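Only one structure is covered here, and it is reproduced in the block below.
The values are calculated or read from the model by the stated rules, or taken from the named source; none is laboratory data. Every value quoted in this text rests on a predicted model; they were computed, and no experiment measured them. So basically every Cβ, Gly included, is an ideal-geometry build from the backbone, and we count neighbours across all protein chains shown. Heavy atoms of the whole protein, side chains included, go into the accessibility calculation; ligands, DNA and RNA do not. Shrake-Rupley method; radii C 1.70, N 1.55, O 1.52, S 1.80 Å.
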Amino acid sequence: MIPLAAFEEIIDTSGAAPRIEALLPTGARARQLLVRTLLLGMLLVLADHRPAHLTRVHQALTALSEDDQRRLGVITDWKNGPHQLTYRQAEYTFGLVAGAPAKDEPDGLPSPVLQAICDDLLEASVPEKARNASVSLAVDWTDLETFSRPPPAKGGPCADPEASWGHRKNNLLRSEDELFYGYYLSAGTMAREENGPAVPELARRATVSSCRHDPVRAMVPVLTAMPAAGIPLGDVLGDSGYSHRDPGAWALPLRAAGAQLVQDLHPHDRGPKGTHHGAIISNGNLYCPKTPRPLLELGPLARTATGEQAAEWDRKTTELARYKLGRITADDADGYHRVQCPAAMGKIRCPLRPASMTPDRDRPELLHPPDHPPACCTQQTITVPPEVNAKTAQKHDYPSAAWRHSYARRTSAERGFATAKDPASNTIARGWCRLMGLTPILLFTTMLIIARNQRITTAWDDRQQKNAHRAAAGLPPKTRRRRRKTLAMLTAAPP
């Protein structure tokens, strides 16, 4: 059970309550329920694995001890004696809170004020000791179905006009999408640094957008605003749903904000995609014009690959790296940089570069150089403008072993959504929140993620403490990996 003081500290650290209070109208009669108390009641409900209903918020607040109720304003002294908060007062205050930061004309996207408040609340839920543990984020989106019924087939309004039809993956054997009516929930979850220790997988940013909007474009402003808040961007890990967008929607804004992309490429973006001064554009890099075609068409390693197949795959990607034009300068202010021929760098042997034809024959050799050498073969270096590979360039060569090991960290985003959708704790299935509109749903979703962060932090601290006790006793840390038994192992076991 998460203590009440922990939630109070999160709300106070974020500064969200006084900012929302400043947006609310003031009248002659003071409200009994303060915004701070309302936010606290929302957290208590979701931390207790209860659905996001206002009746539950009222029940959670009135179930506190009498001292806490008086301290939080749930019980106040009126002229006729003590008065306990009523559900009508909770409903009225929540209506004011949901309406103040909302847009005058709702369009399915949160207002900057609302998004900033949710960002501060989420950041306050990350413990101070974990904030500098990693700057890598794994991003993904999932479905968030509204409680409203879709609009009639013949046309007409519905209870939640900001929602829209969207696509989601099903859990059936067939790989088909299914329709749902609601919103997209996007989140950025902490992932460990490359070759670094494990970190608690806490969600640092999240947003909700209508399905009529692209969730990638809705998430980009949330991520690019982090450096201004003093949170540097490191590796940003995303699947092909992010990398397949046009460069101005995803790759360019994040690179400008200081992020390094580690992403899977869509099948339409893999392989050779034209040339630049004769060099082949492929998988985010420039390659020698005589690079073997099978190497350029390498895709990601299959999940079912054996150890021998993975070793052979890595050998091919290592050989492919020898044909890559090497970067010799960093990007200038306009995004231009210079690259050099792989033969001039001594990675391959080419007759057009006599200095590369040394007795060392452990490097690939071009037996048939181009009859009419392009600029990448004749010049010492070539200039690469920012529009070349703007969409597919990333931190590691795709699909090398370094890329595969780095991209494997993206599963933290999947685990984050799995805990948010777990019916044993909180589930965001249809009916978990019966309020309509983006603003109420985003507020409750933010509180759900905060409660989830607190559970992850508690479990992480408990596991670290147990590992410390095992280390003091001379025992190795307890592993969480489960041994997988195959059919061959079971059939070989004695009766």
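Annotations
- Taking the helices alone, the chain has a mean residue ellipticity at 222 nm of -10500 deg cm²/dmol, built from -39,500 (n - 2.57) per DSSP H run of at least 4 residues and averaged over all its residues.
- Near the amide H of LEU137, within less than 5 Å, lie the amide hydrogens of ALA191, GLY234, ASP235, VAL236, LEU237, all on another chain or at least 5 residues away, with H placed in the peptide plane.
- The convex hull built on the alpha-carbon positions of the stretch 303-375 has an orientation-averaged projected area of 7.8 nm².
- The 3J(HN,Hα) values that the Karplus relation (6.51, -1.76, 1.60; θ = phi - 60°) gives for the stretch 121-131 are, in residue order, 5, 5, 5, 5, 7, 8, x, 4, 6, 9, 5 Hz. Gly and Pro appear as x.
- For the stretch 1-119, the average shadow cast by the Cα convex hull is 8.3 nm², which is a quarter of the hull's surface.
- The stretch between LEU475 and ASP107, if pulled fully straight at 0.36 nm per residue, gains 126.8 nm over its current Cα-Cα span.
- The stretch 266-372: GluC sites (Glu not before Pro) in DSSP coil with no more than 14 other Cβ atoms inside 10 Å: GLU297
- Computed on the stretch 137-265, with alpha-carbon pairs under 8 angstrom and 6+ residues apart, the relative contact order is 22 percent.
- Mean separation of Cα contacts under 8 Å (6+ apart) over length of the chain, as relative contact order %: 17
- Within a straight-line Cα-Cα reach of under 12 Å, LYS391 can be paired with the following aspartates and glutamates, leaving aside sequence neighbours fewer than 8 residues apart in one chain: ASP246, ASP264, ASP269.
- The stretch 305-327 versus the stretch 227-254: alpha-carbon centroid distance in Å: 26
- The relative contact order of the stretch 1-67, computed from alpha carbon pairs under 8 Å that lie at least 6 residues apart in sequence, is 31 percent.
- Loop-located trypsin sites (Lys or Arg not before Pro) across the stretch 114-200 with a Cβ neighbour count of 11 or fewer within 10 Å are LYS154, ARG174, with loop assigned by DSSP.
- Close amide H contacts of LEU301 (hydrogens built in the peptide plane, cut-off under 5 Å, sequence separation of 5 or more or a different chain): none are found.
- Anchor LYS290: lysines whose Cα lies under 18 Å away (excluding residues fewer than 8 positions away in-chain): LYS273, LYS316, LYS324, LYS347
- Each other residue within a Cβ distance under 12 Å of ALA17 adds +1 if Lys or Arg and -1 if Asp or Glu, for a net charge of -2.
- Carbon/sulfur fraction of accessible area - the stretch 1-116, other protein chains in place, 1.4 Å, %: 53
- Label-zone membership for the stretch 367-392, site THR275, 7 angstrom Cα→C-beta point, backbone N under 19 Å: 367-385, 388-389
- Hits among lysines - C-alpha to C-alpha of LYS169 under 23 Å, sequence gap 8 or more where chains match: LYS421
- Long-range tail of P(r) for the stretch 96-240 (Cα pairs > 27 Å, %): 32
- Solvent exposure of the chain amounts to 51 Å² per residue of accessible area, where only protein heavy atoms count and the probe is 1.4 Å.
- The spread of Cα positions in the stretch 327-412, taken along each principal axis and listed from longest to shortest, comes to 48, 33, 21 Å.
- Over the chain, equivalent-ellipsoid semi-axes from the Cα gyration tensor in Å: 51, 27, 22
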